[in-house]
Amino acid sequence: MDKNNIFKRETLIKQLEANANWDVIIIGGGATGLGVVLDSATRGFKTLLLEQVDFAKGTSSRSTKLLHGGVRYLAQGNIDLVKEALYERGLLLKNASHLANNQSFIIPNYNWFDTIKYTVGLKIYDALAGKLSFGTSIRINKKETLSRLSTIKNGKLKGGVVYHDGQFDDARLAVNIAQTAIEHGATVLNHFKVNQLTKNIKGLVNGVVAEDTETKVSYTLNAKVVINATGVFTDEILKMDNSEAKNMVRPSQGIHLVLDKSFLPGNDAIMIPKTNDGRVLFLVPWHNKVVVGTTDTLLDSHSLEPKALDEEIDFIIDTVNNYLTKKVSRADVLSIFAGLRPLAAPKDKSEKTKEISRSHKIIVSNSELITITGGKWTTYRRMAQDTVNKAISIGKLESKPCKTKDIKIHGAMDAIDKTQHQYIYGSDKTAIQALIRETPEFGETLHPRLPYTKAEIIWAIRYEMARTVEDILARRVRTLFLDAKATLEIIPMVAKILANELGKDDIWELQQINECNKIANQYVL
């Protein structure tokens, strides 16, 4: 496989050097940009995507791990958004079956009125999903609720309502979409920063100047159309285009705590429909842990590594402790991660962030730069389709139909045994096991508390475009998000493997250890 390894950085850089002219250049390698590169490449356009750090480094690796229509958008009466998301959720379960799961949720009810309200509301939710429904919602009595949620408070519990939604691994999906786009002829590069937009004499954007952040080599690249898919960094690109541009995006922070499975031992997730800040709170089983979130805090600035605020941490712990018999303390938190939602800037002070529409928006600047903002992971494919259609409708590209409804994502396969942690590799799993057969030491696990093996580290470097220790531990094997303290202990070993694979020296290796330590410490509470 290595001779023809299409995912090698050297191979991808050669494609860049050989092609000064592209049909489409996409800035940003989160869910949105990756969706666009796959859509564009599969329509037959010559497509390049550049990501300044790593795929899904920002918001797209920090979600609540749900593929959902959005029960709360239903409550807001946003039927179209819910319908679109439920349709896309169904497609994802079909096209990325190794990463997307059908997850049952229970809403515990403490008064009869809620029981009726949620039962009716979720019947509408089911109906909107149509043929792509994940299962019918049902009301369950108190006894069954307690047997399925063994850690839930008994108190005034009346029963529960069960419904179905999607659960997935966000960063793994991002990496697999990047691989799929490359398999369909796109050039996709991480650690590549766009520093400037180029324009023709009419003032129309016709390319970018970008730098390989590893070699510091700069490239001037031309394109028929440039697409800004940079999430919370949208305004930076808009200001490159026009220094007077108004801010389009206001970042809102959401944090998540990761707990041991013992806090939610069964297979069901919990949805708490009403909290003090008016948002819903989820407890979701994920990679044999429990992800709890999220919050909604408007911020005035954004960064690549947002930090959880104390009041957000307290809010989640206090809310969870209102519902669980097993008390959560700060000492129980295995990992904490914060993400920023790129919300449309509120029109006025009274507009609450949770009420700002999650529908996506496509903006065409006077310079014909196309910007896609908003949306969410569940609808990434549809957002991409709309973006490429927009480029066609303004005459930037010739008309070609969208193909992504039926395109399987890299790794997808039908029958998957999801009891072993390596199921997330789907069809790549056999190749990882072959690595272990060739070199038995690759079968060693990284840490007593983590199931991951050295072979998965090697795989991430050779075939999944991981370039730093943090790329590996945050977004290939997800240890940083699952157990931050254990991750701190394995950083030196992973840095050694990476330096060895990439042919780097001891100084580089030490630098990697220091950089990853600094980031990983922020995930420890």
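Quick notes on this one:
- Lys/Arg +1, Asp/Glu -1 at C-beta; the chain dipole; positive extreme among N78, A41, Y423: N78
- As a fraction of the 1.4 Å probe accessible area of the range 387-525, surface on carbon and sulfur atoms comes out at 51 percent.
- A simple rule links phi to the HN-Hα coupling: the Karplus curve 6.51 cos²θ - 1.76 cosθ + 1.60 with θ = phi - 60°, which for the range 302-307 gives 9, 8, 6, 10, x, 10 Hz, with x for Gly and Pro.
- Derived from the Cα gyration tensor, the three semi-axes of the equivalent ellipsoid of the range 198-323 are 42, 18, 13 Å, largest first.
- Principal semi-axes in Å for the range 91-239 [√(5λ), Cα gyration tensor, largest first]: 49, 17, 16
- Heavy-atom surface analysis with a 1.4 Å probe gives the range 202-303 a carbon and sulfur content of 51 percent of its accessible area.
- Unit charges on C-beta of K, R, D, E only; dipole of the range 358-497, Debye: 580
- Stokes-Einstein D for the range 410-525, Kirkwood Rh over Cα pairs, 4 °C, 1.567 mPa s (µm²/s): 89
- The share of alpha-carbon pairs in the range 181-242 lying farther apart than 14 Å comes to 63%.
- Column: log10 I(q)/I(0), Debye, Cα scatterers of the chain, q = 0.08 Å⁻¹: -0.50
- Whichever aspartates and glutamates have a C-alpha closer than 16 Å to that of K289, once near sequence neighbours (fewer than 8 apart) are set aside: D169, D170, D260, D268, D332, D483
- Extents of the range 257-308, taken as max minus min of Cα coordinates on every principal axis and listed largest first, are 39, 26, 11 Å.
- Ordering 221-228, 259-266 by mean Cβ neighbour count within 10 Å, with the highest value first, yields 221-228, 259-266.
- Note on N366 and E183: the extension gain reaches 62.5 nm, defined as 0.36 nm multiplied by sequence separation minus the Cα-Cα distance.
- Expressed as a whole percent, the accessible area of the range 8-125 that falls on carbon and sulfur atoms is 60 (1.4 Å probe).
- At full extension, D310 and L204 could sit 33.6 nm farther apart than now, given 0.36 nm per residue minus the alpha carbon distance.
- Peptides 295-301, 121-127 ranked from most to least packed, by the mean per-residue count of other Cβ atoms within 10 Å: 121-127, 295-301.
- Placed amide H near N109: partners under 5 Å, 5+ positions off or other chain: K158, G159, G160, V161
- Dipole size of the chain about its Cα centre, with +1 on Lys/Arg Cβ and -1 on Asp/Glu Cβ: approximately 1680 debye, rounded to the nearest 20.
- Here the 3J(HN,Hα) profile of the range 435-446, calculated from phi with Karplus coefficients 6.51, -1.76 and 1.60 at θ = phi - 60°, is 4, 5, 5, 5, 10, x, 5, 5, x, 5, 7, 7 Hz, Gly and Pro shown as x.
- Segment E144-I79, extension gain: residue separation times 0.36 nm, minus the distance between their alpha carbons: 20.3 nm
- If the convex hull is drawn through the Cα atoms of the range 360-469, its volume per residue in Å³: 178
- Farthest towards the positive end of the charge dipole of the range 112-242, among the residues A229, T145, L189, is the Cα of T145, using unit charges on the Cβ of Lys, Arg, Asp and Glu.
- Per residue value of the accessible surface for the chain (all protein chains in place, 1.4 Å probe), Å²: 40
- Evaluated at q = 0.14, 0.16, 0.25 Å⁻¹: base-10 log I(q)/I(0), Debye formula over Cα of the range 96-169: -0.48, -0.61, -1.09
- Phi angles of the range 206-222 translate, via the Karplus equation with coefficients 6.51, -1.76, 1.60 and θ = phi - 60°, into HN-Hα couplings of 10, x, 9, 10, 10, 10, 6, 6, 7, 9, 6, 7, 9, 10, 9, 10, 9 Hz per residue; Gly and Pro are given as x.
- With viscosity 1.567 mPa s and temperature 4 °C, the Kirkwood radius over alpha carbon pairs of the range 130-189 converts through Stokes-Einstein to a diffusion coefficient of 84 µm²/s.
- Of the three principal axes defined by the Cα atoms of the range 10-95, the extents in descending order read 52, 27, 22 Å.
- Checking the cross-link pairs K123/K408; K8/K504; K327/K418 against a 25 Å limit on the alpha carbon distance flags K123/K408; K327/K418 as lying beyond it.
- Separation of the alpha carbons by more than 31 angstrom is noted, of K65/K405; K158/K307; K216/K400; K14/K246; K131/K153; K199/K400, for K158/K307; K216/K400; K14/K246; K131/K153.
- Reciprocal of mean inverse Cα separation for the range 433-485 (Kirkwood radius, Å): 11.3
The values are calculated or read from the model by the stated rules, or taken from the named source; none is laboratory data. Worth saying up front: this structure is predicted, and the values here are computed from it rather than measured. Positions of Cβ are generated from backbone atoms using ideal geometry, with glycine treated the same way; all protein chains shown enter the neighbour counts. Surface areas here come from the heavy atoms of the whole protein model, side chains and all, with no ligands, DNA or RNA. Shrake-Rupley method; radii C 1.70, N 1.55, O 1.52, S 1.80 Å.
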